[in-house]
Ligand SMILES: Nc1ncnc2c1ncn2[C@@H]1O[C@H](COP(=O)(O)OP(=O)(O)OP(=O)(O)O)[C@@H](O)[C@H]1O
Ligand SMILES: Nc1ncnc2c1ncn2[C@@H]1O[C@H](COP(=O)(O)OP(=O)(O)OP(=O)(O)O)[C@@H](O)[C@H]1O
Ligand SMILES: [Mg+2]
Ligand SMILES: [Mg+2]
């Protein structure tokens, strides 16, 4: 138990001193996970909107599949991305293995289903409300989707936070495709795993606390923005 | 790329033959993750309902914290549970470390925030609709919550699927607190990680495919039940 | 249910603001068991619905006092009241399940649920819709179901927010007679209506609201024959009100931002 | 917007079922530019709202044909129409933003948005609520905003589902005159109403519905003076309808499961 | 541009680097952190270490995802050469394995010189023993020792014999919490911080010697491999400077790795 207490102290001294290595690792974590989130959102949001707004045969199957893919095992995703990016794989020539790009790709695969499923759920409940009005006004699908996205932006933000949480906390996939190479692909979670395997539990947990604080900060920031915005358009 | 193809074949032959070891691992995975889900639901649903239905100072902070905790890093959770259950830890006397119980505890920690956040979100949107009617009828908090949970059961099911997906796919925490001990605490994800570290990618991926198929099956089952039920009470 | 009526309900200097606007201003009034039927009238946006919700305890006033006479616990107090909202709020269940839920919450014995619910559906003409999901009923049917749900728990005080707005003439009449029946059996009715004919038929006393204030409160016959407030006077002249206001205030009448109701009174 | 009217709209043997019930049965009728104002009346649950939605294209009929005369593309067709729903559906934006969104979707030039929106708010008496979130408006204000949103895009055909149900008498009058104005300028009005006085004032022709069927369609004066269908006759006698039906059918009238309307006609 | 990607990490300005596939034992011991800065200083070449299980490391090298392979299982390394994935195995350094366990020592093996005999005592006592169980170099060595002891521990798998199926550090964490014996390499053991009440019990048996080899991935199998830079790295490791760096890595004044003289 001592260890947990020491780790908390360690995390604070880490945050106080903020040495270059810690900053490097934190920044890489943020860069990788935020980039992955943006890409996942660019891919996932249109898919979610289409699934929410259109009806076609096989839609339900796609929809349930995306739900199931929220539970894709990171290690499996890591292995598949590894095989694709490996020199002997189809995209080997791009030399992406063991780079941050590879980690971003893996996280995009993990985060996209979360964005699709949660955004679809919230867009769909908006759609139930708005559908008749939008149809009646003669909105094109693109117009309708943009209205749904805009008026549902606060719930969509929550979905994105869930996706970001998954990305920043994830270790299995980035470990495999990034290789946890010092100064190149070492992020917070892989550092924690490494320190834990060295038996240095204080450092591992201290970093863990830093990571959790980071998540909390981002969540509170988004929450702040959200409640400022919501106050203006309270329903 | 070959490997992916081989792995798919391997997964089918695994499923065809279904040898005892595979069954053992699958059953343990299901047992651990389903138990964790049930416990997380028993803890999380009442919390979600309270957060959705009551207003008290500090509520928003709790709410955002649960949102942030959806991104708890599994390795960190694993370490903390490890320290708590370790011989020298406060609960060492119970001898739970490296048992399925320890894995369940770790997964409960990971899954509860997901249940709380997603269920709260959906209960809260139900509450916005129902609040005045329930207040007007003079419902006690317990009655109100039971109405919200019952009428929102289909969305709540989705939240539970997301939690289950997280649990069954998770490796970082169960590896640390379970120890991946053969015949005792070896589940699907830890087996996959082990096979991957042996370099046996075909088996690793094959198991991955089995795991994904399992998730898909459960999702489609729940979906089937859900749509049968929804048809009856379409709004 | 059994138990004494919690009336009278006393409001003193009640004020409420929304988005910086004062939507209820200095409302002081009392609702007693007698007269049985009080009808609140007034133009759209006068604050009628908000006042009803403040009385019913759904909204707490920003300033002032809302006070029930009988010192009862909160639960008994809320069980003594029922409300029909302007926009019916029905549960995602069948029509009959909506009624049964209300009975269950109100603490009726399980053995009575089905009979009471069926009786309420019959009285509101919804028997053939018992098993229909409440939310797929037509708007008028929904409004009647909401009324059935309010009546079925046998409240002491019944708040009704335009309960017949979407009803066909026959159904409106049916509802009026149900309201009358309830009042006769001792239920206090506090109701909002836009239909002046209906108000004439039903009301024992009338409250006229405008811009968040109670402008006049009078027994029904007196109100309709000799309203004291000139805005009320204009209002009960029905379509004349519109013309008159238009001619006096040059088209700024429904949206008379330029002339506060105070000005109007002075004029 | 510019463009020719897509009328006449022809319905042939239109049928619709919900949860196994036939809620529209064999509806055959035509809506032409003339007469300008058609009012649909009938008891709650008659299928009026569903019929309007079928006409507007929001629900597709299960059987039969719904056909516009002018072969226009779907988009132009839907832009030529507007509808006010019985339960207003407003966007989670301010009142004025609701109108601007409608203008944007209808393809008006950006430079005109603000002026047109402000004009529509003024005409419906909502200027002082321009910045209020649409969903916190009072019910009557919401209904007027929904009307403003339908009018602002200058449709050729206007579907109105009880647009004055929650309005105070003055506002109802205002809305009636707005409808009249629109009709005069060539907009086809197809409107549902429960208010027989209003129907008398506004309607050029009347459609009477009962139990999913059109029972009678006639010019307004003829309908009110000499209705052919006896159900319609009972209906326009207002409260008499209720008494008469009660006396004949022993209380089973609003919920006359026991006597189909066919029986009624024969009687 | 080596690495090919625009997102190539913080030191994308460094245009020369090589990728080394190695085992967790070398990384966890901290050896690389000690020697790589020295190599970078003399050669200007960065070394990117991907530390995984021995099996996975060999796979990486076979797939052409690493330029240099540095592991500790001689048989696999020789097979790697025989399969044509490398021209030659260079013996690099050695350290040793040791049996560690709880200070209470329930099987009473402390100070024994014969590691196989120690294992049979553990088996007789049915004292908890954690095995890597991951086909790593360490695991293979442990199985060899059991064979010498004439015990088939897998028959007791799940009882007192616990196969953790994970890396050395994780296995040590498990052992510490469980109060179990285990076989560890000295490097990981010395740098391991979560020993709790574990101590070294059996060491010095010649059968516990642990040899590391280094191999350059074949250019003929994988033309893109950075043969020149990889060879520079291997040459430096084998040079006097390299040896001095390896031998100079100490924890608590104890050297972790020894090169051939
Ligand atoms: N959140 C808010 N922001 C701004 N104005 C508000 C808000 N909530 C309510 N209002 C205003 O308060 C006023 C009173 O509303 P209320 O619903 O009580 O009116 P009402 O008398 O019931 O009208 P109606 O006859 O249309 O139902 C309205 O003008 C409404 O716009
Ligand atoms: N999903 C459904 N299941 C069962 N009945 C349905 C369903 N949807 C609609 N109905 C029924 O269809 C009938 C017609 O509904 P509609 O809304 O058109 O009535 P209306 O004439 O507009 O009545 P109102 O005057 O009350 O608005 C109603 O009796 C309604 O209960
Ligand atoms: Mg109101
Ligand atoms: Mg209707």
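Residue A:117 is checked against (1) in contact (Cβ under 8 Å) with a residue 24 or more places away in the chain; (2) away from chain B (no Cβ under 13 Å) and fails just one. What number does that condition carry?
So residue A:117 meets the others, but not (2).
Which one is modelled with the highest pLDDT, of the residues in segment E:19-33 that are surrounded by fewer than 24 Cβ atoms within 10 Å (Cβ to Cβ) and touching a strand residue (DSSP E or B) at 6+ places or on another chain (Cβ under 9 Å)?
Only one residue tops the list, namely E:32.
Give the residue, chosen from D:185, D:166, that is within 16 Å of ligand 2 (Cβ to nearest atom) and without any contact (Cβ under 8 Å) to a residue 40 or more places away in the chain.
The match here is D:166.
Would you mind stating whether residue A:124 is over 30 Å from residue E:66 (Cβ atoms), facing another protein chain (nearest Cβ under 8 Å) and either part of a loop (DSSP other than H, G, I, E, B) or modelled with pLDDT under 90 (or both)?
no
Quick one: which helices (runs of 4 or more DSSP H) sit completely within segment B:1-92 and have at least 1 residues that are over 30 Å from residue B:200 (Cα atoms) and out of contact with any strand residue (DSSP E or B) (no Cβ under 8 Å at 6 or more places or on another chain)?
B:20-53, B:59-69, B:74-85
Suppose we keep only residues that are more than 16 Å from ligand 1 (Cβ to nearest atom) and more than 8 Å from chain C (Cβ to nearest Cβ) within segment D:186-195. Which one would you say is farthest from residue D:140 (Cα to Cα)?
D:186
Hey, residue C:47 hits all of (1) touching a strand residue (DSSP E or B) at 6+ places or on another chain (Cβ under 6 Å); (2) within 16 Å of ligand 3 (Cβ to nearest atom); (3) at negative phi; (4) within 11 Å of another protein chain (Cβ to nearest Cβ) but one; which does it fall short on?
Condition not satisfied by residue C:47: (3).
Results for (1) surrounded by 23 or more Cβ atoms within 10 Å (Cβ to Cβ); (2) facing another protein chain (nearest Cβ under 9 Å), shown as yes or no for each residue.
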| residue | (1), (2) |
| --- | --- |
| D:120 | yes, no |
| D:126 | yes, yes |
| D:154 | no, no |
| D:173 | no, yes |
| D:184 | no, no |
| D:200 | no, no |
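Please indicate, with yes or no, whether at least one residue in segment D:98-108 is within 14 Å of chain C (Cβ to nearest Cβ), within 16 Å of ligand 1 (Cβ to nearest atom) and in contact with a helix residue (DSSP H, G or I) (Cβ under 7 Å, 6 or more places away or on another chain).
No, segment D:98-108 contains no residue that is within 14 Å of chain C (Cβ to nearest Cβ), within 16 Å of ligand 1 (Cβ to nearest atom) and in contact with a helix residue (DSSP H, G or I) (Cβ under 7 Å, 6 or more places away or on another chain).
Going through E:80, E:97, E:85 one at a time, which residue ends up being touching a helix residue (DSSP H, G or I) at 6+ places or on another chain (Cβ under 7 Å) and within 12 Å of chain B (Cβ to nearest Cβ)?
Going through E:80, E:97, E:85 in turn, just one is touching a helix residue (DSSP H, G or I) at 6+ places or on another chain (Cβ under 7 Å) and within 12 Å of chain B (Cβ to nearest Cβ): E:80.
Any idea which residue in segment C:23-43 is farthest from ligand 2 (Cβ to nearest atom), counting only those that are buried (at least 24 other Cβ atoms within 10 Å of the Cβ) and within 14 Å of chain D (Cβ to nearest Cβ)?
In this case the residue turns out to be C:24.
I'm trying to understand the selection: among the residues of segment C:166-193, which are modelled with pLDDT under 90 and within 16 Å of ligand 3 (Cβ to nearest atom)?
If the condition is that a residue be modelled with pLDDT under 90 and within 16 Å of ligand 3 (Cβ to nearest atom), then C:166 is the only one that fits.
Looking at (1) more than 16 Å from ligand 3 (Cβ to nearest atom); (2) within 12 Å of chain C (Cβ to nearest Cβ); (3) in a loop (DSSP other than H, G, I, E, B); (4) crowded, with 20+ Cβ neighbours inside 10 Å, which one does residue D:131 not meet, given that it meets all the others?
Condition not satisfied by residue D:131: (4).
Regarding residue B:98, is this residue on the phi > 0 side of the Ramachandran plot and either part of a helix (DSSP H, G or I) or buried (at least 24 other Cβ atoms within 10 Å of the Cβ) (or both)?
Against the criterion (on the phi > 0 side of the Ramachandran plot and either part of a helix (DSSP H, G or I) or buried (at least 24 other Cβ atoms within 10 Å of the Cβ) (or both)), residue B:98 qualifies.
Can you give me the ranges of the strands (runs of 3 or more DSSP E) entirely in segment E:121-210 with at least 1 residues that are away from chain A (no Cβ under 14 Å) and touching a residue at least 60 places away in the same chain (Cβ under 8 Å)?
Qualifying strands (runs of 3 or more DSSP E): E:181-185, E:198-202.
How do the strands (runs of 3 or more DSSP E) wholly within segment D:12-118 filter down when requiring 1 or more residues that are within 16 Å of ligand 4 (Cβ to nearest atom): which remain?
In segment D:12-118, D:21-31, D:37-41, D:81-84 are the strands (runs of 3 or more DSSP E) which contain 1 or more residues that are within 16 Å of ligand 4 (Cβ to nearest atom).
Considering only segment D:139-169, state which residues are in contact with a helix residue (DSSP H, G or I) (Cβ under 6 Å, 6 or more places away or on another chain), more than 11 Å from ligand 1 (Cβ to nearest atom), under 26 Å from residue C:193 (Cα atoms) and outside any helix (DSSP H, G or I).
Those that are in contact with a helix residue (DSSP H, G or I) (Cβ under 6 Å, 6 or more places away or on another chain), more than 11 Å from ligand 1 (Cβ to nearest atom), under 26 Å from residue C:193 (Cα atoms) and outside any helix (DSSP H, G or I): D:159, D:161, D:163, D:164.
Return yes or no: is residue D:33 at pLDDT 90 or above and touching a strand residue (DSSP E or B) at 6+ places or on another chain (Cβ under 6 Å)?
Criteria not met by residue D:33.
Kindly evaluate residue D:69 against the criterion of being away from chain C (no Cβ under 14 Å) and either more than 16 Å from ligand 3 (Cβ to nearest atom) or touching a strand residue (DSSP E or B) at 6+ places or on another chain (Cβ under 8 Å) (or both).
Here the answer is yes, as residue D:69 does meet what is asked.
The values are calculated or read from the model by the stated rules, or taken from the named source; none is laboratory data. Bear in mind that the values here come from a model prediction, so they are computed numbers and not experimental data. Using ideal geometry, Cβ is built from the backbone for each residue, glycine included, and neighbour counts are taken over all protein chains shown.
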